[in-house]
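Input: a single structure, listed below in structure tokens.
Read-outs: derived from the displayed coordinates by stated rules, not from any lab. Owing to the predicted nature of the structure, the values given are computational and were not obtained by experimental measurement. Methodologically, a virtual Cβ is constructed for each residue, glycine included, from the backbone with ideal geometry; neighbour enumeration extends over all protein chains shown.
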Amino acid sequence: MKIAAIAAGALALAGAAPAWAQAGPPAGDGESAFDGDYLSIGIGGAYGPSYDGSDDMVLYPAALLQGSLGGVGITSRGAGVALDFIKAPESGVDFDLGVTGQLRANRARQIEDPVVASLGKLDEAFEVGPTVGISIPKVLNPYDSLSFSIDATWDIADAHGGMVIEPSVNYFTPLSRAIAASLSLTAEHGDSDFMAYYHTVTPAQSAASGLPVFDPDGGGWTKAGGNLLLGFDLDGNLENGGLAIVVAGSYMRMLGDAKDSPFTSVRGDADQWTGALGIGYTF
């Protein structure tokens, strides 16, 4: 679910822990809470479109599970999680290779538009597949990092039954000992089954709703955009874990047939804005 993904990402301040652990804290005066095994949990909420392409805003809850246990990295992926089986090095470039799985509830919950709701809810998809990535520390300063990743997943719940590819680029940097910032650029590509499931309007649906008939032309890019988050450690030291508050904002632009679909072009908006607020604890 897009909103849950943003909220979980906003809570995932600990996701930049490898850069901190490799570089050492800015003051250089102690061990990091992210050395060895650690776990971050969090709760929060986000306010954004009720489905991909909607112009109705709703509030979503979100949860976070993030960390490293026994050398296996754990990262939230929307309403799911990614596991990285390559242990992060103490210094230098970090390569990621693992599996990811998440629940997609697009148009399966909280449909606010009465015309779209009249067509019924879609089934929830569960997408599973490999994830690969690379993280480069000390790009512009001794404590930042630049990461690239790509997920390729397939629906195993027989909802859309298709394949989704999601590349992303993330830049993280501390702004002070207590404040950190992260900027992410993301995109989504769905195959023909994915596009047909979420964006088709059949003749029967057109007759029932008044929406024009629409048939996507195969697979393609569905959306792209960016997320900006700021994290504030409540005791003034990001490096020692504990409580932190994170605020985030996101802009996504619907693309291609996902933008031209009546669910977006007639009943929604191609511009998708989201805000999120959360609190997390690292131990």
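Counting helices only, and only those DSSP H runs with n ≥ 4, report the 222 nm mean residue ellipticity of the chain as the sum of -39,500 (n - 2.57) divided by its residues, in deg cm²/dmol to the nearest 500. After summing the helix terms and dividing by residue count, I get -4000 deg cm²/dmol. For the pairs Lys138/Lys259; Lys121/Lys223; Lys87/Lys138, flag any whose C-alpha to C-alpha distance is greater than 28 Å. The pairs that break the limit, which is 28 Å between Cα atoms, are Lys138/Lys259.
Pick the calculated Cα extents along the principal axes in Å for this structure from [x] 57, 48, 26; [y] 73, 46, 39; [z] 68, 31, 29? Entry [z]. In this simple spin-label approximation, Asp269 and Ser91 carry label points 7 Å from Cα along the Cα→Cβ vector, and these lie 5.0 nm apart. Near Thr100: Cβ cut-off under 10 Å, other residues only, Lys/Arg at +1 and Asp/Glu at -1. The net charge is -3. Net length available on complete extension from Leu228 to Leu277 is 16.4 nm, with 0.36 nm assigned per residue and the Cα-Cα distance removed.
Using a Gaussian network model of the chain in which every pair of alpha carbons under 10 angstrom is joined by a spring, one finds that among Asp123, Asp56, Asp217 the greatest mean-square fluctuation is at Asp217.
Take the Cα of Asp55, step 7 Å along the line toward its Cβ, and report every residue of segment 244-268 whose backbone nitrogen sits under 15 Å from that point. Within reach of a label on Asp55: 254, 259-268. Estimated at 0.36 nm per residue, the fully extended path between Arg109 and Tyr47 surpasses their Cα-Cα distance by 20.9 nm. Between the helical axis of 2-11 and the longest alpha-carbon principal axis of the chain there is an angle of about 10 degrees. Each residue of segment 95-111 is assigned a 3J(HN,Hα), and the resulting list reads 9, 10, 8, x, 10, 9, x, 8, 8, 10, 10, 4, 6, 10, 8, 6, 7 Hz, derived from the Karplus form 6.51 cos²θ - 1.76 cosθ + 1.60 (θ = phi - 60°), x at Gly and Pro.
Model label sites at Val169 and Ser192, defined 7 Å from Cα along the beta-carbon direction, differ in position by 3.2 nm.
Centroid-to-centroid, using Cα positions, segment 214-272 and segment 51-75 are 12 Å apart. Estimated at 0.36 nm per residue, the fully extended path between Ala207 and Ile150 surpasses their Cα-Cα distance by 16.5 nm. To the nearest 20 debye, what is the magnitude of the charge dipole of the chain about its Cα centre, counting +1 on the Cβ of each Lys and Arg and -1 on the Cβ of each Asp and Glu? About 320 debye. Applying 1/(1 + (r/R0)^6) with r as the Cβ-Cβ distance of Ser118 and Ala63 and R0 = 25 angstrom yields a FRET efficiency of 0.20.
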